[in-house]
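Contents: one structure, followed by commentary.
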C-alpha cells in the first residue's frame, strides 16, 4: 500500500510524499500554487499535530498549513 | 539636473526585500514577515549615477491575483503608476517559488530586473546559476546579491539604469501556456483590441490571461467597457471550451504553464544540487514546535513578555504621570487665580496630553518584544502552536497573541492585530479585544472586591471576572464570525521563515514606527476625547453652590484638615452640578435594572470612558474622600436607596464590576480601533455593541442572581 492516496494529515512526520490533489475550493489551491505547492510537487512533512495544523517542507520552503488545510490535500507516498 | 526615475521593489515575503530597501535608501525599516506591515506605502530616495531615484517598497506577495489586498496594491501600483523599473527581489534558495511572482510581472510586460538575493545561502545549499543564460531565458537581466552583507547593491541599480536608458535589453521571452490556451488568449485579445481606451492602460495580453483566470478586478474593469458584452462572451466561451478539454480550470492550467516555464529555465541555467537536509532552523523547530514542548515554551515566553512589559512599563507610566502632574502644578502656579483658562490648560490640555503619553512606554515595550519575536521568525511558529485552539472559535493562530496582549493593555493589543492577514479575522480580533480585561480595570475590581467580598473569596471573584471577559470574547467572536463577517475562513497557509537574529536597529525602528503611528493617529483622538470629558465635568462654571464655600474656607483659615474637607466637598458639588453630573442623573434609569441606579455611579462610568481606572478617582471625588480608598469603600457601603436599604450588595457590586469589564472601551482603545480599521463607523460600532453586551451581561447577572435568591 505504499502508493495509496491519503489526506496529508495522515502522513507521519518525516515522510516524503507527492501531492495528487488539492481540494477545498479555488482559494486554497490558488494560495498554495503561489507558494510553490501544486499538484505533482514533492513535499516532506516536518511536523504534524494530529488533526491540527502541520508544517511541510516544499523545496527549500517551510510552509505551515492551518487547521483543516491538511484534510483538503491528497498525497501519495 | 539629476534625472528622476521611480523604481518599485517587489518580491515574496522573506525574500530580503526590506533589507534591500534599507540598504538603498539608508532608511531602516522593520524586517519581518508580517504581511500587513508593508501595506502602508513605504518610500525612500537615493541619488545614484546622476539619477534621483525614488524607491517604493511594495507589499511582499507570492502572486498578483486580486485575492488579497497586498497583491492588489502591488499590482495596481505597477499598472497605474508605471514605475520606470520593477526590481524583483528573489530568494535564490527558493528559486522556483519566487519566480512564480516573476512570471506574473513578465505577463504585465513591465521593465524588470531580477535580483537573486541571498545568493550566498543558495550556494551553500548547492544552487549555482548561470547569470547570462538565465537572463536570456527569462528575457530580463538577472543579478546576484547578498543584501544582508550589502553586496552587489550597485549591480542591480546599474542594470535598472541600463533598462531605463535602453541598453543591454534582452529579447522578451514568452511563458507559453500550451497551444490550446494560447489560441483562446488570442481570440480574447482580438476582441479586446477594439477597446482602445482600456488598452492604453493595460496590456491586452495580460487582460486576456486575467479574463481566463476570472480575475474579479479585471472583470469589473471590463464591465465598464463599451465592448463588455463581446469580451465577456468570448472569455466565457473560451473558459468553457478549455474546461471541456482539460477537465480543470484555465486558472490552474495557466499556473501549470508558469511553473513549466520556470522549471524549463531552471533546468537549463541552474545547477541544483540540494538535498533536503536538516537545517539549523529545523533543529530549533524540533523543540519550539514540538508536539509536547511547543505549547509550554510558548506560554513561558509569553509570560516573560508580560512580566517584562509590566515590570518595565509600570514604573515608566508612573513616572510620566507624576511628570505630567508636576508640569500641571508648575503651570497651575503661574496662574494667579482659579480661572476657566487655568482649568482648561491644567486639567484639560495637560492632563489630556498626559493621557496620550501614558501609553507610550507600554506600546514601546510590547512592540520591542513583538519585533524580536517576529524578526527572529518565532511569531509564525507561535501561530502554528495556537492554531488548533483558535480554530475552535473560528479564528486562526495569528489571533492569539493580540488577544493575550489584551490582558495587559488593549491599545498595543489591537495594534498587534495588524499581523493578521485575513481581513475578517483581523476585524473580529480587533472588535472583541476590549473584553480581555486590561490592567486599568484592576483598580476598579480591587476597590469593589475589598469593599464587598470577604478576603478569602477575593481571588476567585477576580479570576471569575477575567474568565467572564474571555468567555464573552470567545462567544462574540463566534457570533461575529457567523453573522457579521461571514464566509469561509481564508485558507491559513504561512511560510515559516528560517530563524535569524534580528538586528537591534530593525527592532528600534519597528518600535518607533508603532509609537509614531500611535501618537499621530490615536493621540489626537485621545486628546480631543479627554478635553471633551474635562469640559463635561467642569462646566457650567458658574455653579450656585449650596453653601458659600469661599466664606467657609476663609473662616477655617489655618485648620488644614477642615480646609481639605471643604475643598473635597466643593469638588463633589461642582461635579454633581456639572454637565457630567446631569448626564449621570439622566442615565440612572438605564442602570437601575442592573442594580446600581445611583447618579454618582453613572457619572463615574461616564468619566471611565477616558480610562477605566478613572472610575475610582471620580467616585473618590463624588464621595468627597479624595484618593483614600478605604474611606471610599466605606462610602460605597453606605450608599442607600430611596427606601433606606443599602444600594450595594455583593451581587450589585459584581454586576457593577462586570459592567466596567465589558462596557465601552476606553478612549485610547476607541482611538486605535479607528486607527486600525480606518473607519469611524467601526469605532462607533465597538462603542455601542460593547456597552450593549455589558448591559445584557450585568442584567442577566443581577436579575438572575436575585431570582436564585441573592440580594
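The values are calculated or read from the model by the stated rules, or taken from the named source; none is laboratory data. Keep in mind the model is a prediction, meaning the values are calculated, not measured. Counting neighbours? That spans all protein chains shown, and the Cβs are built from the backbone with ideal geometry, glycine included.
Across segment A:63-77, what is the number of residues that are facing chain B (nearest Cβ under 8 Å) and either buried (at least 23 other Cβ atoms within 10 Å of the Cβ) or within 10 Å of the chain's Cα centre (by Cα) (or both)?
The first filter runs over segment A:63-77 and keeps only residues facing chain B (nearest Cβ under 8 Å), leaving A:63-69.
Pick out the ones that are also either buried (at least 23 other Cβ atoms within 10 Å of the Cβ) or within 10 Å of the chain's Cα centre (by Cα) (or both) and you get A:63-67, A:69.
Total satisfying the criteria: 6.
Residue by residue through segment A:28-49, note down the ones that are under 21 Å from residue B:392 (Cα atoms) and facing chain B (nearest Cβ under 8 Å). Before the answer, list the steps.
First, pick out the residues of segment A:28-49 that are under 21 Å from residue B:392 (Cα atoms): A:28, A:47-49.
Scanning segment A:28-49 gives A:28, A:47, A:49.
How about segment A:50-59: which of its residues are out of contact with any strand residue (DSSP E or B) (no Cβ under 8 Å at 6 or more places or on another chain) and either buried (at least 23 other Cβ atoms within 10 Å of the Cβ) or within 7 Å of chain B (Cβ to nearest Cβ) (or both)?
Step one: filter segment A:50-59 for residues out of contact with any strand residue (DSSP E or B) (no Cβ under 8 Å at 6 or more places or on another chain), giving A:50-52, A:59.
Selection gives A:52, A:59.
Would you call residue A:17 more than 7 Å from chain B (Cβ to nearest Cβ) and not in a loop (DSSP other than H, G, I, E, B)? Talk me through it step by step, then tell me what you get.
Working: more than 7 Å from chain B (Cβ to nearest Cβ): yes; not in a loop (DSSP other than H, G, I, E, B): yes.
So residue A:17 passes the test.
Just checking, does segment A:28-44 include any residue being assigned to a strand (DSSP E or B) and crowded, with 22+ Cβ neighbours inside 10 Å?
Yes, segment A:28-44 has at least one match.
Mind listing just one residue for me: the one in segment B:355-384 that is assigned to a helix (DSSP H, G or I) and within 14 Å of chain A (Cβ to nearest Cβ) and, of those, farthest from residue B:508 (Cα to Cα)?
Taking segment B:355-384 as the starting set, the residues that turn out to be assigned to a helix (DSSP H, G or I) are B:355-357, B:360-375, B:378-384.
With the extra rule that they be within 14 Å of chain A (Cβ to nearest Cβ), the set shrinks to B:378-384.
Details: B:378: 18, B:379: 18, B:380: 20, B:381: 23, B:382: 22, B:383: 23, B:384: 26 Å.
Checking each candidate, the answer is B:384.
Step by step: first the residues of segment B:35-55, then only those that are assigned to a loop (DSSP other than H, G, I, E, B) and within 16 Å of residue B:74 (Cα to Cα), then the one that is modelled with the highest pLDDT. Which residue is that?
Step one: filter segment B:35-55 for residues assigned to a loop (DSSP other than H, G, I, E, B), giving B:35-36, B:40-41, B:49-50.
Subsequent filtering for residues that are within 16 Å of residue B:74 (Cα to Cα) retains B:35-36, B:40-41.
Values: B:35: 37, B:36: 38, B:40: 67, B:41: 72.
Taking the candidates together, the pick is B:41.
Considering only residues that are within 12 Å of another protein chain (Cβ to nearest Cβ), closer than 17 Å to residue B:20 by Cα and without any contact (Cβ under 8 Å) to a residue 40 or more places away in the chain, which ones fall in segment B:59-92?
none
It is to be established whether one or more residues within segment B:380-390 are modelled with pLDDT under 85 and surrounded by fewer than 19 Cβ atoms within 10 Å (Cβ to Cβ).
For segment B:380-390, residues modelled with pLDDT under 85 and surrounded by fewer than 19 Cβ atoms within 10 Å (Cβ to Cβ): present.
Residue under question is residue B:282, and the condition is that it be in contact with a strand residue (DSSP E or B) (Cβ under 8 Å, 6 or more places away or on another chain) and surrounded by 15 or more Cβ atoms within 10 Å (Cβ to Cβ); does it hold? Spell out the reasoning first.
Details: in contact with a strand residue (DSSP E or B) (Cβ under 8 Å, 6 or more places away or on another chain): yes; surrounded by 15 or more Cβ atoms within 10 Å (Cβ to Cβ): yes.
For residue B:282, the condition - in contact with a strand residue (DSSP E or B) (Cβ under 8 Å, 6 or more places away or on another chain) and surrounded by 15 or more Cβ atoms within 10 Å (Cβ to Cβ) - is met.
Taking segment B:212-236 as the region of interest, how many residues are modelled with pLDDT of 90 or more and under 17 Å from residue B:250 (Cβ atoms)?
Residues meeting the conditions: 13.
Restricting attention to segment B:577-590, which residues are in a helix (DSSP H, G or I) and without any contact (Cβ under 8 Å) to a residue 60 or more places away in the chain? Before the answer, list the steps.
Filtering segment B:577-590 for residues in a helix (DSSP H, G or I) gives B:579-590.
Within segment B:577-590, B:579, B:580, B:581, B:582, B:583, B:584, B:585, B:586, B:587, B:588, B:589 qualify.
Here are the criteria: (1) without any contact (Cβ under 8 Å) to a residue 60 or more places away in the chain; (2) closer than 30 Å to residue B:515 by Cα; (3) surrounded by 18 or more Cβ atoms within 10 Å (Cβ to Cβ). Tell me which single one residue B:688 does not satisfy.
It fails just one condition, (3).
Any chance you could count how many residues in segment B:248-294 are modelled with pLDDT of 90 or more, more than 23 Å from residue B:99 (Cβ to Cβ) and more than 9 Å from every other protein chain (Cβ to nearest Cβ)?
4
Of all residues being within 18 Å of residue B:296 (Cβ to Cβ) and crowded, with 24+ Cβ neighbours inside 10 Å in segment B:391-408, which is nearest to the other protein chains (Cβ to nearest Cβ)? Just the residue, please.
Initial filter on segment B:391-408 (within 18 Å of residue B:296 (Cβ to Cβ)): B:397, B:400-401, B:404.
If we keep only those that are crowded, with 24+ Cβ neighbours inside 10 Å too, we end up with B:397, B:401.
On the way: B:397: 7, B:401: 15 Å.
Checking each candidate, the answer is B:397.
Could you tell me which of the residues B:567, B:573 is closer than 17 Å to residue B:343 by Cα and surrounded by fewer than 16 Cβ atoms within 10 Å (Cβ to Cβ)?
So the residue among B:567, B:573 that is closer than 17 Å to residue B:343 by Cα and surrounded by fewer than 16 Cβ atoms within 10 Å (Cβ to Cβ) is B:567.
If we only count helices (runs of 4 or more DSSP H) wholly inside segment B:604-711, which ones have 2 or more residues that are modelled with pLDDT of 95 or more and in the same structural domain as residue B:533 (by TED's automatic domain parsing)? I'd like the intermediate steps shown before the answer.
Working: elements: B:614-622, B:629-638, B:650-662, B:667-677, B:680-707.
Fully inside segment B:604-711 and qualifying: B:650-662, B:680-707.
Looking at segment B:185-225, which of its residues are more than 19 Å from residue B:175 (Cα to Cα) and in contact with a helix residue (DSSP H, G or I) (Cβ under 6 Å, 6 or more places away or on another chain)?
B:191, B:192, B:218, B:222, B:225
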